[in-house]
Amino acid sequence: MDQVTNKNFWTAGNGFKMAEVSADKAYLGAPNLLTTLRHGAIPYIPFKSNSQIQTNYGPKSQLWTRMLHFYNFHREEFLTHYHKRSNVETTFSMIKAKFGHRLRSKSLTAQINEALCKVLCHNICVVIQSMHEFGVEPTFLAEAA
């Protein structure tokens, strides 16, 4: 997979404070690591088994070296952050399984709203399921007069 050059990939940085970015090995590359740091986030992208500090053309960047050392010598801490990605992937999978893979809206604004509605419906389904599983009775507050 090519390096991330699409500026839309990083639009979350506009208006949001990113703390971490978790991505799979396909996004491993110095430009992606640097872009993530420039947006104020720490990249949690696992290194490939053949990743090295030194190449035939000389040493890799200081950033690459530091991230590789962090990955190799603080693996448990790294994986704690990286595995948050698993929760997101599971949630997306659940939403797609329940509500379908496609967005049927034509305009971008409508597609965003449709996707947000799917997320809202998923959250409601999870709350209802949890109520039944754990025997929680909902308490609704009366409206203020």
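The values are calculated or read from the model by the stated rules, or taken from the named source; none is laboratory data. Small disclaimer: the values here were computed from a predicted structure and weren't measured. Cβ placement follows ideal geometry from the backbone for every residue including glycine, while neighbour counts extend to all protein chains displayed. Note: areas computed on protein heavy atoms with side chains; ligands, DNA, RNA excluded. Shrake-Rupley method; radii C 1.70, N 1.55, O 1.52, S 1.80 Å.
Just one of the numbered conditions (1) open to solvent by less than 30 Å² (accessible area, probe 1.4 Å); (2) modelled with pLDDT of 90 or more; (3) part of a helix (DSSP H, G or I) is not true of residue 67; which one?
Unmet condition: (2).
Applying the selection to region 33-57, what residues are of a type outside the set (A, V, I, L, M) and either part of a helix (DSSP H, G or I) or open to solvent by 60 Å² or more (accessible area, probe 1.4 Å) (or both)?
35, 36, 38, 39, 48, 49, 50, 52, 54, 56, 57
Go through 60, 98, 118 for me and flag whichever is in contact with a Gly (Cβ under 9 Å, 6 or more places away or on another chain), without any contact (Cβ under 8 Å) to a residue 60 or more places away in the chain and either of a type in the set (D, E, K, R) or open to solvent by less than 100 Å² (accessible area, probe 1.4 Å) (or both).
None of the other options fit; the residue is 118.
Which residues, counting only those in region 16-25, are open to solvent by less than 40 Å² (accessible area, probe 1.4 Å) and either part of a loop (DSSP other than H, G, I, E, B) or farther than 17 Å from residue 78 by Cα (or both)?
18, 23
Between a residue in region 70-91 that is open to solvent by less than 50 Å² (accessible area, probe 1.4 Å) and any residue that is among the hydroxyl-bearing types (Ser, Thr, Tyr), which pairs come within a Cβ distance under 8 Å, given they are 6 or more apart or on different chains?
Qualifying pairs under 8 Å: 78/44; 78/71; 81/22; 81/44; 82/22; 82/44.
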